[in-house]
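Asks: Before anything else, here's the structure in question.
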C-alpha cells in the first residue's frame, strides 16, 4: 500500500475521532424514551367550558382538513388472530367507527417506541368506537413464533387485536412499492377510506393520529 | 441533519440495521487496496436504493427468483473487491456500488422519527430526502466507515485488518451471505444471531 501523506492522515484521524465520538455519545447517553404524545386538541368538546371561553374566536386556527388517501385494502391469508374473537378486519370494522391498522413486529425497537402512544389512544377512544389492529409482520424467524408473539404482547401491554401476517403478504401488499417499513400506521374511517398513513415512530405522527381520531369521532368529514 | 445522522448511529445495534451493516463491514475488510472507496460507494448506493424505493422510482421487489442472481452478484462483488489492485479503482468502485445497491435494495429498516420523515416525504421532496438518506445511512454504517478510515489514519491498524484470519472470516461471511440471500434466508440468519447474542 502506498504511504499516506501527513495531510491526508490528519484529516482521516479527525474523521475517525469524530466518528468514534459520535458512537460513544449515542451509546453512553440515556436510553431514548418512547414516543410521547404532546398535548393536542382532540377536536372533542372539553369538559371544562371555561377553557374555550378564554380563547378569542379570532385566534382559533382552522384545523387542516383530514385528507382522504384512498380506499383501504383488506387483510387476507392471515395466520390467525390474537386478543379478539373476530376473524377478519371487516368484522372489526363493522363493530367500530374507526380502525387504526399498524404494521409492527415485536422485535422492532421503533415499533415498541409507539406502543405507549397507541395504548393512550386505545384507553381514551377504545370505548368510543375506535379499534386498533396490530398486524404482526415478522422480519426474523424468531419473531414469527406465535408463543413468542403472545409473550411479547403480554410483556409490552398490547391488549388490542393482533393479526398474524407471518409471511408478510399483507405487509407488502398494503405498502406501495417494492419494500415495506416497520412501524407503519393507517387510520381507516367508517367508509373504509384511509385518512392517515405514516411510517416511523415520530411523536408528531402519533399526535396527529390522535388528533384525527378525535376529530373524526366528533363528526368531521 | 445532525439528528438524522445520530438516529442512524443509534440503530447500529438493531437487528434490522445489522442486516445491511455486516455485509458492508465484510466487504470493506476484504478490500485491501481501497477500503475507503468501497465503503463510500457502498454507503451512497445503499442509501440511493433505499430512497429510490421510498420515492417510487424503483419498483422491482427483491423477492422471488431474482434473489438467486443477487446471491451470485454478492459473491462476485466480494471477489472483485478482494482481488482489485490500488490502481484498479473501477473494480473497487464497482464492488462498492453493487454491494451497496443490493444491500439497500433488500433493506427493510425499522423506522425512527427522522427516517420516517425522509420516507414519508421521499416522493414529494426528492433532492433533500436523498441527501438526508445518505446522511442517515452514513450514521447507520459508521463502523464500516471507521474501519475504512482507520487504514488512512492509523497505519498500524492494517496489521489487524490485513491479518489472514480477518480475511478468511470476511470471505467466509461473503459466501454465507451470498448463499443465504440466494435461498431467501439471510434475514433469518442475522435475526437468529442477534437473538442468540442478546439473550
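The values are calculated or read from the model by the stated rules, or taken from the named source; none is laboratory data. This is a predicted model, so every value here is computed, not measured. Counting neighbours? That spans all protein chains shown, and the Cβs are built from the backbone with ideal geometry, glycine included.
Asks: Considering (1) on the phi > 0 side of the Ramachandran plot; (2) without any contact (Cβ under 8 Å) to a residue 24 or more places away in the chain, say which one residue B:56 fails and leave the rest.
Replies: Just one mismatch for residue B:56, condition (2).
Asks: Taking the stretch B:4-17, which residues are under 11 Å from residue A:139 (Cβ atoms) and surrounded by fewer than 21 Cβ atoms within 10 Å (Cβ to Cβ)?
Replies: B:14, the sole residue that qualifies.
Asks: Would you mention how many residues in the stretch B:52-88 are within 13 Å of chain A (Cβ to nearest Cβ), assigned to a helix (DSSP H, G or I) and over 17 Å from the mean Cα position of the chain (by Cα)?
Replies: Final tally of qualifying residues: 3.
Asks: Out of A:181, A:186, which single residue is within 14 Å of chain B (Cβ to nearest Cβ), modelled with pLDDT of 95 or more, within 16 Å of the chain's Cα centre (by Cα) and under 27 Å from residue B:47 (Cβ atoms)?
Replies: A:186
Asks: Same structure again: Name the residue that is nearest to residue B:3 (Cα to Cα), counting only residues in the stretch B:99-128 that are more than 14 Å from chain A (Cβ to nearest Cβ) and in contact (Cβ under 8 Å) with a residue 40 or more places away in the chain.
Replies: B:126
Asks: A further question follows. Kindly indicate whether residue A:116 is more than 10 Å from every other protein chain (Cβ to nearest Cβ) and either in contact with a helix residue (DSSP H, G or I) (Cβ under 8 Å, 6 or more places away or on another chain) or more than 27 Å from residue B:10 (Cα to Cα) (or both).
Replies: Answer is no for this residue.
Asks: Being in contact with a helix residue (DSSP H, G or I) (Cβ under 8 Å, 6 or more places away or on another chain), under 21 Å from residue A:71 (Cα atoms), in contact (Cβ under 8 Å) with a residue 40 or more places away in the chain and not in a helix (DSSP H, G or I) is the requirement here; does residue A:210 meet it?
Replies: Against the criterion (in contact with a helix residue (DSSP H, G or I) (Cβ under 8 Å, 6 or more places away or on another chain), under 21 Å from residue A:71 (Cα atoms), in contact (Cβ under 8 Å) with a residue 40 or more places away in the chain and not in a helix (DSSP H, G or I)), residue A:210 does not qualify.
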